[in-house]
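Notes follow the structure.
The values are calculated or read from the model by the stated rules, or taken from the named source; none is laboratory data. Note that this is a predicted model, so its numbers are computed, not measured. We place every Cβ from the backbone using ideal geometry, glycine too, and count neighbours over all the protein chains shown.
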Amino acid sequence: MSDEQHRRPHGHSSHDPNHVHNFDHMASSLLSEERRSWQDPERIFDSVGIPDSGVMVDIGCGPGFFTVPAAARCRGTVIGMDASPHLLSICRSRLDVAGCSNAELVLMDAGNSIPLAGESAELVLIANVLHDMTSPPALLAEVARILKPGGRLVNIDWSRDDSEFGPPQEIRLSADESSSMMLSAGLRIESTLDAGPYHYCQVARK
């Protein structure tokens, strides 16, 4: 997969046929069995643990690679957020096919604000997204705002090691860089989990 297939689109119109084609191609790549072979959401959720109730938020959810299996496990509400209306529509279709009625989808703007009330979420997932935000520290501050006291952030992102696909090396965040930004936002790193050969996974608590 190319870098662009792993970077979130921002601000494209879903009414442009070319953009729709590009998003369909991106969705196909993001949902591929090849990706699942090296980043399995079920295995990651087994390690992280999904809250039995309350709200889980998936920021940059795209077509629902993590959102759909999370909603299938969670007895509470899963909120998927993305800047692409078209990818959200694909996610909604997949949720409907899976029979998940406990998921809500929210369109985000291209900035770093999260349109949710403060202290409203038990768990926030940011998968393969933090490095691509305009201001990762600002996004993490927003995550801290919406997490309940004791709530958790799960950050999965590309490691700095060379790989044949993924985002350019120069925009990737090391685990240490991400940890430092989380601490500044008031989030304490609790554990580091295996997220496959190309990524790291950090669990932080408010």
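Exactly one residue among Leu153, Leu140, Leu147, Leu107 is surrounded by 22 or more Cβ atoms within 10 Å (Cβ to Cβ), in contact (Cβ under 8 Å) with a residue 24 or more places away in the chain and within 19 Å of Gly62 (Cβ to Cβ), and that residue is Leu153. Looking across the range 132-141, the residues that are under 14 Å from the mean Cα position of the chain (by Cα) and modelled with pLDDT of 95 or more come down to Pro136, Leu139, Leu140.
Check whether at least one residue in the range 25-40 is at pLDDT 95 or above, out of contact with any helix residue (DSSP H, G or I) (no Cβ under 9 Å at 6 or more places or on another chain) and outside any helix (DSSP H, G or I), and report yes or no. No, because not a single residue in the range 25-40 is at pLDDT 95 or above, out of contact with any helix residue (DSSP H, G or I) (no Cβ under 9 Å at 6 or more places or on another chain) and outside any helix (DSSP H, G or I). Taken over the range 179-197, the criterion of being within 19 Å of Gln39 (Cβ to Cβ) and either in contact with a strand residue (DSSP E or B) (Cβ under 6 Å, 6 or more places away or on another chain) or surrounded by fewer than 15 Cβ atoms within 10 Å (Cβ to Cβ) (or both) is satisfied by Ser191, Thr192, Leu193, Asp194, Ala195, Pro197.
For the range 49-59, the count of residues that are surrounded by 17 or more Cβ atoms within 10 Å (Cβ to Cβ), modelled with pLDDT of 90 or more and at positive phi is zero.
If the condition is being out of contact with any Gly (no Cβ under 7 Å at 6 or more places or on another chain), crowded, with 22+ Cβ neighbours inside 10 Å and either under 13 Å from Ser89 (Cα atoms) or at pLDDT 95 or above (or both), then the range 66-75 contributes Phe66, Val68, Ala70, Ala71. Residue count for the range 182-206, restricted to those that are in a strand (DSSP E or B), of a type in the set (D, E, K, R) and over 19 Å from Gly166 (Cα atoms): 3.
Which residues, counting only those in the range 161-175, are part of a helix (DSSP H, G or I) and closer than 19 Å to Gly196 by Cβ? Listed by number, the residues that qualify are Gln169, Ala175.
Rundown of residues vs (1) in contact with a helix residue (DSSP H, G or I) (Cβ under 8 Å, 6 or more places away or on another chain); (2) of a type in the set (Gly, Ala, Ser), yes/no style:
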{"residue": "Ser120", "(1), (2)": "yes, yes"}
{"residue": "Ala138", "(1), (2)": "no, yes"}
{"residue": "Pro149", "(1), (2)": "no, no"}
{"residue": "Leu153", "(1), (2)": "yes, no"}
{"residue": "Trp158", "(1), (2)": "yes, no"}
{"residue": "Glu164", "(1), (2)": "no, no"}
{"residue": "Leu193", "(1), (2)": "yes, no"}
{"residue": "Ala204", "(1), (2)": "yes, yes"}
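Can you say whether Ala138 is of a type outside the set (Phe, Trp, Tyr), part of a loop (DSSP other than H, G, I, E, B) and in contact with a Gly (Cβ under 9 Å, 6 or more places away or on another chain), as far as the supplied structure shows? Taking the combined requirement at face value, the residue does not satisfy it. Any residue in the range 83-100 that is of a type in the set (Gly, Ala, Ser), crowded, with 21+ Cβ neighbours inside 10 Å, touching a residue at least 24 places away in the same chain (Cβ under 8 Å) and under 23 Å from Gln202 (Cα atoms)? Within the range 83-100, not a single residue is of a type in the set (Gly, Ala, Ser), crowded, with 21+ Cβ neighbours inside 10 Å, touching a residue at least 24 places away in the same chain (Cβ under 8 Å) and under 23 Å from Gln202 (Cα atoms). For Glu119, are the conditions met, namely being surrounded by fewer than 20 Cβ atoms within 10 Å (Cβ to Cβ), assigned to a loop (DSSP other than H, G, I, E, B) and at positive phi? Spelling it out, Glu119 is indeed surrounded by fewer than 20 Cβ atoms within 10 Å (Cβ to Cβ), assigned to a loop (DSSP other than H, G, I, E, B) and at positive phi.
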